Amino acid sequence: MAHDIENSTKAVRIGLIGAGGRGINCFGKLLAACDDAQLVAVAEPNDVRLEAAALRLDHKFRTYGSAQAMLQSEILDGVIVTTPDYLHADYVVAALQAGVPHVLVDKPLATTIEGCLRVTRAMQETGGRVAIGFNMRHLPFIAKVKALIEDGAIGELMIIENREFYDGGRTYMARWNRRYELSGGLWVHKGTHDFDVFNWWNAKGNPVRVSASAGINALRADKIPFAVQDDVPVGPNCSVCAYKEICPDYALPIGGPQLFNAQTSAADGYVQDLCVFLSDKNTHDNGIALVEYDNNVRASHMECFVCNFTDRLYTIIGDRGTLMGNLANPSQIELRPRWGENMLIPVDVAGKDEHGGADPLLLDNFIAAIQNKAPGSSTVRDGIRAVAVGQAAELSWRNRRMVEIAELVDFSDASLKLL
Ligand SMILES: NC(=O)c1ccc[n+]([C@@H]2O[C@H](COP(=O)([O-])OP(=O)(O)OC[C@H]3O[C@@H](n4cnc5c(N)ncnc54)[C@H](O)[C@@H]3O)[C@@H](O)[C@H]2O)c1
């Protein structure tokens, strides 16, 4: 199927794999408004969603039922991978081996270290570059904390603490994200954002061991928050549930009704509104992970998807002071020096929507890297470090033991240093 893109004068040609929420509503939408780059092709096996995506973006790209067909037919400067996580490594490798010079894969790089190392081998064979969808690096608040740490505002870093509340996280249990084998577990799928921030802030250190505890306390069958009649079953999806008018955890398809509806579901059986209480999940709805670094720094991350708000509350402690702030109020960071006056440090805000304005900056950076105008904001080594911490956290809570990063990957390996 072809849509009219022939008149485009935009220099950078981008292909997209995965026409879901992130692919179309974020990158597709941003590329449609981009001056330097053009989305020329989209690969997606669900042909009903593919057509809905083309309609949503005004039919400005060619469409393919498979990534392989797109990669064989198109000459692309860059590919963006926005499929479910378990497919990331395969598609990054396929794009590199097809000769695509730049790939942006949304986080995580892969669901396991084994997948990450397949990507590094393909990079070494082809010379292609890979960036990760670490949009948090583009939040001015996060970048300002890094600058303050590196400027010595709190002396030598000792502890990072993040307490994250994510109301939207309960919808993981309504989608593919709820399955360990598809997402790598939520410490990999979601936690890689936070572990990457820790690794980025603590640039002088390497993560060495992780202990984590996690579980499902609320989003399970015995916690349904309304009276259930014996002869009227709950679910299985919100859209057909007899209790949808009274359920306080009614989940709308997060990718929006244009891309996810009865017709798109009929094509492949994928729905985004499974009952969050009854779905067959094997990930967590809350947990705590503790990461130790080789430079005597500790970082703890609590994530909770059972709440009525969204926030990340940070406390970053050094031997000469403390930084405090939260992403619900990203325009300021409090600095409390050990000796001296507390002060509020103002921070510019990039935006409100699109993850606080971070997604447009992430895409701009990817395009600038393709054009050789800027270095990429993340490397594959960053992606591997974040997956290593996430996978270690998964192994830790599932096997109830502390996990050494060295069990998973050897960062002193010379081939990884180059990436
Ligand atoms: N950086 C961020 O802030 C952020 C936010 C949300 C999601 N993500 C990531 O974006 C990615 C996509 O998540 P989403 O929420 O958009 O998922 P989604 O379910 O909305 O979309 C995934 C799409 O991939 C398609 N797909 C499935 N198998 C495929 C295949 N073999 N080839 C091509 N396409 C295939 C699905 O049909 C669907 O259209 C995930 O990796 C997720 O971790 C990142």
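The values are calculated or read from the model by the stated rules, or taken from the named source; none is laboratory data. In this text, all values refer to a predicted model and were calculated from it rather than measured experimentally. Every residue, glycine among them, receives a Cβ derived from its backbone with ideal geometry; neighbour counts consider all protein chains shown. Ligands, DNA and RNA are stripped out before the accessible areas are found, and what is left, the full protein with its side chains, is counted by its heavy atoms. Shrake-Rupley method; radii C 1.70, N 1.55, O 1.52, S 1.80 Å.
Out of curiosity, is Val228 among the hydrophobic types (A, V, I, L, M, F, W, C), touching a residue at least 60 places away in the same chain (Cβ under 8 Å) and surrounded by fewer than 19 Cβ atoms within 10 Å (Cβ to Cβ)?
In short, no.
Kindly indicate whether Leu344 is within 16 Å of the ligand (Cβ to nearest atom) and open to solvent by 40 Å² or more (accessible area, probe 1.4 Å).
no
What number of residues in segment 399-419 are polar (S, T, N, Q) and either surrounded by 10 or more Cβ atoms within 10 Å (Cβ to Cβ) or under 23 Å from the mean Cα position of the chain (by Cα) (or both)?
Selection size over segment 399-419: 1.
Can you give me the number of residues within segment 341-371 that are free of Cβ contacts under 8 Å to residues at least 40 places away in the same chain and among the β-branched types (Val, Ile, Thr)?
Counting residues in segment 341-371 that are free of Cβ contacts under 8 Å to residues at least 40 places away in the same chain and among the β-branched types (Val, Ile, Thr) gives 0.
Report the residue count in segment 65-88 for those that are within 14 Å of the ligand (Cβ to nearest atom) and of a type in the set (D, E, K, R).
Residues meeting the conditions: 1.
Would you check which residues across segment 366-386 are out of contact with any Lys or Arg (no Cβ under 9 Å at 6 or more places or on another chain) and open to solvent by less than 30 Å² (accessible area, probe 1.4 Å) and list them?
Correct list: Phe366, Ala368, Ile384, Arg385.
For the condition within 29 Å of Ala262 (Cβ to Cβ), of a type in the set (Asp, Glu) and at pLDDT 95 or above, what is the one hit in Asp77, Asp58, Asp47?
Step by step, each of Asp77, Asp58, Asp47 is checked, and only Asp47 is within 29 Å of Ala262 (Cβ to Cβ), of a type in the set (Asp, Glu) and at pLDDT 95 or above.
Starting from residues that are of a type in the set (Ser, Thr, Tyr) and farther than 16 Å from Lys29 by Cβ, keep the ones in segment 47-106 and report whichever is most open to solvent (accessible area, probe 1.4 Å).
Once the filter is applied, the top-ranked residue is Tyr86.
Against the conditions (1) more than 20 Å from the chain's Cα centre (by Cα); (2) away from the ligand (no atom under 16 Å from the Cβ); (3) surrounded by fewer than 17 Cβ atoms within 10 Å (Cβ to Cβ), where does Ala267 fall short? Just the number, please.
All conditions are met except number (2).
Tell me which residues, restricted to segment 145-169, are open to solvent by less than 40 Å² (accessible area, probe 1.4 Å) and charged (D, E, K, R).
Of everything in segment 145-169, those that are open to solvent by less than 40 Å² (accessible area, probe 1.4 Å) and charged (D, E, K, R) turn out to be Lys146, Glu164.
Is it the case that segment 408-417 has a residue that's away from the ligand (no atom under 16 Å from the Cβ) and under 30 Å from Asp285 (Cβ atoms)?
Within segment 408-417, one or more residues are away from the ligand (no atom under 16 Å from the Cβ) and under 30 Å from Asp285 (Cβ atoms).
So which strands (runs of 3 or more DSSP E) stay within segment 318-368 end to end and still have 1 or more residues that are out of contact with any Leu (no Cβ under 7 Å at 6 or more places or on another chain) and closer than 30 Å to Val105 by Cα?
Correct list: 321-326.
Checking Leu313 against (1) surrounded by 18 or more Cβ atoms within 10 Å (Cβ to Cβ); (2) assigned to a strand (DSSP E or B), which single condition isn't satisfied?
Here Leu313 clears every test but (1).
When the residues of segment 254-264 are narrowed to those that are open to solvent by 80 Å² or more (accessible area, probe 1.4 Å) and part of a loop (DSSP other than H, G, I, E, B), which ends up nearest to the ligand (Cβ to nearest atom)?
Ile254
Which residues, taken from segment 294-310, are surrounded by 20 or more Cβ atoms within 10 Å (Cβ to Cβ) and among the acidic types (Asp, Glu)?
Result: Glu303, single match.
Does any residue of segment 89-101 turn out to be in a helix (DSSP H, G or I), without any contact (Cβ under 8 Å) to a residue 24 or more places away in the chain and away from the ligand (no atom under 12 Å from the Cβ)?
no
When you go through Ile113, Ile132 one by one, which is the residue that is among the aliphatic types (A, V, I, L, M), more than 16 Å from the ligand (Cβ to nearest atom) and within 19 Å of the chain's Cα centre (by Cα)?
Every option except Ile113 fails the conditions.
Check off (1) among the charged types (D, E, K, R); (2) open to solvent by 50 Å² or more (accessible area, probe 1.4 Å); (3) near the ligand (Cβ under 10 Å from one of its atoms) for Glu44 and give me the number that stays unchecked.
(2)
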